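Throughout, read-outs are computed from the coordinates displayed, never taken from laboratory work. These figures come from a predicted structure and were not determined experimentally. Cβ placement follows ideal geometry from the backbone for every residue including glycine, while neighbour counts extend to all protein chains displayed.
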Amino acid sequence: MNVEILNAPLLKALLDGTIPFHEVMNAFDIRTSIAFNLPSSIYGFTYVSRKGNYHLILNGNVNFKTQCEVFLHEIKHILNDIPERSYFIGLDMQHTQIENEADKTAEEIIEYRTINLSKK
């Protein structure tokens, strides 16, 4: 498991749950939106605006579980991938290493959260 990402202040604040979701996201300059006009093949994406804010867009036509997985996938990009690359874009990158790593990270976070909730 990639424990390093769990120690990121953003993810710690989200998993802790004591601060409202939108306050956490705003504190990290991340704007989240649900879009209902995306094709079914696009679950979500992230980009950085000219003002330096992250925008995380989720497809509103997929189920809540999928939205949660995509959200965590995109958070991995915000924390690890976007800061390391000056520019990358692609809505058809599903099978690249960067996308596979983000999928794996999202799965691990969900598993970690599930295990820790069951201990309470």
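Compute the distance in nm between two label points, each set 7 Å from the Cα along the Cα-to-Cβ direction, one at I34 and one at N116.
Inter-label distance under the simple model: 2.5 nm.
For L38, enumerate residues with amide H under 5 Å from its amide H, sequence gap 5+ or separate chain, H modeled in the peptide plane.
Result for L38 returns G60.
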